[in-house]
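**Student:** Below is the structure I would like to discuss, written out as structure tokens.
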Amino acid sequence: MIDTSRLGIDYGVLLPELVVTATALLVLVLDLLIPPGRRRWLAAVSALGLLLALLATVPLWGADRSAFSGTVIGDSFAAFFDVILLSTGLLTVLISPRFLRSLGLEYGEYYVLTLAAMAGMMLLAAATSLMTIFLGIELLSIALYVLAGFARRNLRSQESALKYLLLGGFASGFLLYGMALIYGATGATTLHGIAQFVGASGSSVLLLVGIGFLVVGLAFKASAAPFHMWTPDVYQGAPTVVTTFMSVATKAAAFAVIGRVFVAAFPTIRADWYFPLAFVAIVSLGIGNFVAITQSNLKRLLAYSGIAQAGYILLGILPGSSEGLAASLFYVAAYAVMNFGAFAVVTAVETRVGEGGTEIPAWTGLFYRQPLLATTMTVFMLSLAGIPPTVGFFAKLFVFRPLVEAQLWAPLAVAIVTTVISFYYYLRVVVVMLTAPEEAGRPAREPVSRVMGAILVFCSIATIVLGVFPTVVFDWARTAAALHL
Amino acid sequence: MGVPAYEFLWLSGVLFTLGAIGVLIRRNPLVIFMCIELMLNAVNLAFAAISRYLNSLDGVAFAFLVITVSAAEVVVGIAIIVQVYRAGRAMDVDEMDLMKE
């Protein structure tokens, strides 16, 4: 008989992931039984499953349950990210049916794949071993490759899937080679074992090369420059609901790993990983904010904006302190709310106008045609730019503060200068929406679907309320950032 | 003991580099995909060699995990490549520029 007690089998730790996976399988079966005209119900079932998974994360808050031989952990950090990811997934599922119907893509597989990607992302948030990190990344990536090409007759969607697949596979190769080298240098695959080894014997060339490769792989998933080349094309070509989901959830999951690995596993050799990460952050801020200025397609603009936002989130990791990590976590939560909102507005406009709806000229005079969409978009743009009293302002303030305390002036200076530059392209969107349309007479107002309207109002209220009372979420982020391994 | 472990690591490094160069210079998506598989197999070799050198089973388990996951990736990858091919487009990644600005 094998002694199983030492393996640390504890399904409770993985309960949210298991609920999501079970929902995915259930939807897969139901898809065969439900007549094609009623596929909306699959969205309802998926939403219900995600709500149940949200409930299942509650016991993980404040816990410290390492399980399955130290490969996963149930703690506040995982719960914090689970809540962000599940909420994003839930809202995505709710806005999807109408958009998919407008493209003639209402298939059950969409929900199955979205749920599978969710499971991978949540596994990443809980992962404390190189193996589970790899498994989570591949689970989310493979599902997203298919989702990016979900509009399979659309050439752009195909192209986006192919680019994501080839560059994603390339990045996975680097990630894995980095993991192999770290394993070779430390003899451990769990973060706990790695941290112990590194704490005792310091760094070696093999370890540093391994960490370098790991940074390449993770920065790719977080779409941070200079590993961002895929982002604009994939974001533009993928169906907009998929882009919405991908831009928010993938980035959150990637930063869950980056935070846990660098702040929790390699705190003793911060001097060694500071420069590569600072380089990635500075380049992301520069490229993201500068190139966004020249974009004429809103999805591409938001893609470059997302690259810049990845830079801001990385800033909080640089000091290597739990205070800095808390700031990054708060930024991820803020980013989730405002960026989801911005992409949801794009989805709503595209549902009405068709593919041309993502080009910025099509947004001229949106205030007069669809005041709700234009008003909420303005809130999200102001928040992404970091203008008070929105949550984006405090998110930036919180990540800048640890930089001042740690006296990291170079990244801080770049961040402040590029933030000012970013006002230009965020505010340009607002100005375009305010410009009166040329044709005489007001075009009839077209109503937005009730679900979409409710979600947009919810996101914009959240953006403002979190901006007025940021300390509530920041305290949660602080609790989550107090990591144990 | 036979061939020492670092020889395998060198070989794995060479294979990985060849794969990476292949990804960067080849144009056919299928060939690029094969180069990615070469990179992943270089990783497997590294894991197996390190595993033997350290006398721990973690690396071997990791290699099995990589093999399984890359099989799943191949299934999805080939399906996407076939879909592009059936749309009647040239099998050349340099010509995939519908979204360049």
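The values are calculated or read from the model by the stated rules, or taken from the named source; none is laboratory data. None of these values were measured; they are calculated from a predicted model. Positions of Cβ are backbone-derived with ideal geometry, glycine not excepted, and every protein chain shown enters the neighbour counts.
**Student:** Within 14 Å of chain B (Cβ to nearest Cβ), out of contact with any strand residue (DSSP E or B) (no Cβ under 9 Å at 6 or more places or on another chain) and among the hydroxyl-bearing types (S, T, Y): does that describe A:Y304? Even if it seems obvious, please write down each step before you answer.
**Tutor:** Details: within 14 Å of chain B (Cβ to nearest Cβ): yes; out of contact with any strand residue (DSSP E or B) (no Cβ under 9 Å at 6 or more places or on another chain): yes; among the hydroxyl-bearing types (S, T, Y): yes.
So A:Y304 fits the description; yes.
**Student:** Something else now. I'd like to check something: does segment A:404-411 contain any residue that is free of Cβ contacts under 8 Å to residues at least 40 places away in the same chain, in a helix (DSSP H, G or I) and either under 21 Å from A:L329 (Cα atoms) or among the small types (G, A, S) (or both)?
**Tutor:** Filtering segment A:404-411 down to residues free of Cβ contacts under 8 Å to residues at least 40 places away in the same chain leaves A:404, A:407, A:409.
Retained after the next criterion (residues that are in a helix (DSSP H, G or I)): A:404, A:409.
Imposing the further condition that a residue be either under 21 Å from A:L329 (Cα atoms) or among the small types (G, A, S) (or both) reduces the set to A:404.
Yes, segment A:404-411 contains at least one residue that is free of Cβ contacts under 8 Å to residues at least 40 places away in the same chain, in a helix (DSSP H, G or I) and either under 21 Å from A:L329 (Cα atoms) or among the small types (G, A, S) (or both).
**Student:** Go through (1) under 30 Å from A:V198 (Cβ atoms); (2) more than 11 Å from chain B (Cβ to nearest Cβ); (3) over 16 Å from the mean Cα position of the chain (by Cα) for A:L123 and report which single condition fails.
**Tutor:** (3)
**Student:** Just checking, which of A:I142, A:I95, A:I84 is within 11 Å of chain B (Cβ to nearest Cβ) and in a helix (DSSP H, G or I)? Full working, then the answer.
**Tutor:** Numbers: A:I95 fails: within 11 Å of chain B (Cβ to nearest Cβ); A:I84 fails: within 11 Å of chain B (Cβ to nearest Cβ).
When all the criteria are applied, what remains is A:I142.
**Student:** Need pairs with beta-carbon distance below 7 Å; first residue more than 15 Å from A:L301 (Cβ to Cβ) and within segment A:351-370, second surrounded by fewer than 17 Cβ atoms within 10 Å (Cβ to Cβ) and of a type in the set (K, R); sequence gap 6+ or separate chains.
**Tutor:** Cβ pairs passing all conditions: A:Y368/A:R442; A:R369/A:R445; A:Q370/A:R445.
**Student:** Now a separate question. Need the failing condition index for A:W230 against (1) of a type outside the set (A, V, I, L, M); (2) surrounded by fewer than 24 Cβ atoms within 10 Å (Cβ to Cβ); (3) out of contact with any Lys or Arg (no Cβ under 8 Å at 6 or more places or on another chain), just the number.
**Tutor:** Of (1) of a type outside the set (A, V, I, L, M); (2) surrounded by fewer than 24 Cβ atoms within 10 Å (Cβ to Cβ); (3) out of contact with any Lys or Arg (no Cβ under 8 Å at 6 or more places or on another chain), only one is false for A:W230: (3).
**Student:** Kindly establish whether B:E101 is closer than 17 Å to A:S160 by Cα, at pLDDT 90 or above and either within 10 Å of chain A (Cβ to nearest Cβ) or assigned to a helix (DSSP H, G or I) (or both).
**Tutor:** Details: closer than 17 Å to A:S160 by Cα: yes; at pLDDT 90 or above: no; either within 10 Å of chain A (Cβ to nearest Cβ) or assigned to a helix (DSSP H, G or I) (or both): yes.
The answer is no for B:E101.
**Student:** Further question: Which of the helices (runs of 4 or more DSSP H) found entirely inside segment A:222-262 contain at least 1 residues meeting this: at pLDDT 95 or above and closer than 15 Å to A:G89 by Cβ?
**Tutor:** A:240-245, A:251-259
**Student:** Determine which single condition A:G74 fails, assuming it passes every other condition in (1) assigned to a helix (DSSP H, G or I); (2) surrounded by 21 or more Cβ atoms within 10 Å (Cβ to Cβ); (3) not aliphatic (A, V, I, L, M).
**Tutor:** So A:G74 meets the others, but not (1).
**Student:** Looking at segment B:38-73, which of the residues that are outside any helix (DSSP H, G or I) and within 17 Å of A:T190 (Cβ to Cβ) is farthest from the other protein chains (Cβ to nearest Cβ)?
**Tutor:** The residue in question is B:L57.
**Student:** Right, another one. Under 9 Å between Cβ atoms, which residue pairs at least 6 apart in sequence (or on different chains) link something in segment A:463-485 that is crowded, with 16+ Cβ neighbours inside 10 Å with a partner that is in a helix (DSSP H, G or I) and among the basic types (K, R)?
**Tutor:** So the pair list comes out as A:L483/A:R260; A:L485/A:R260.
**Student:** What is the residue count in segment A:146-205 for residues that are at the interface with another protein chain (Cβ under 8 Å from one of its Cβ atoms), small (G, A, S) and under 20 Å from the mean Cα position of the chain (by Cα)?
**Tutor:** 5
**Student:** Does at least one position in segment A:286-299 carry a residue that is farther than 21 Å from A:L403 by Cβ, among the aliphatic types (A, V, I, L, M) and in contact with a strand residue (DSSP E or B) (Cβ under 9 Å, 6 or more places away or on another chain)?
**Tutor:** Yes.
**Student:** Okay, moving on. For segment B:47-94, how many residues are touching a Gly at 6+ places or on another chain (Cβ under 7 Å) and over 18 Å from A:Y145 (Cα atoms)?
**Tutor:** 6
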